[in-house]
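**Student:** Dropping a structure here in structure tokens format, bear with me for questions.
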């Protein structure tokens, strides 16, 4: 299979001026060329704007990722600090060892402790109350 040489854009258009030089045809050719030039500039501007928006979006995503990693590191440090405490120290602040991940990272939706709006008293999220029969 033989390959064909690549034709340039000018060779593919039919706007070549005739040899005799017709003013009407040359004006149409100039107008057409100006229209093509404006379209190229418009396309280039559109692509540049799209690229700028893509870079801004990527920057925002990177910032979110960095913030998430920083938050995770802080939470792990706080959890480690609580794990190093004795049971007595944890009891003094109202926690047990099982409550440490919940206290640090928060609970799932609907598992957070409810706070009474009238009196600022929070019910414990873990309702392990022994019921007397």
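The numbers here are math on the coordinates, done by the rules we state, and not lab data. Just so it is clear, the structure is predicted and the values come from calculations on it, not from any experiment. Neighbour counts run over all protein chains shown; Cβ positions are idealised from the backbone, glycine included.
**Student:** Please give the contour-minus-distance gain from residue 33 to residue 78: 0.36 nm per residue of separation, less the Cα-Cα distance, rounded to one decimal in nm. Mind showing how you got there, number by number?
**Tutor:** Numbers: separation 45, 0.36 × 45 = 16.20 nm, distance 6.75 nm.
Additional length available on full extension: 9.5 nm.
**Student:** Obtain the nm distance between the two label points defined at residue 99 and residue 51 by a simple spin-label model: each point lies 7 Å from its Cα along the Cα-to-C-beta direction.
**Tutor:** Going from the residue 99 label point to the residue 51 one covers 5.7 nm.
**Student:** How big is the Kirkwood radius of region 22-105, worked out from every pair of different alpha carbons and given in Å to one decimal?
**Tutor:** 18.5
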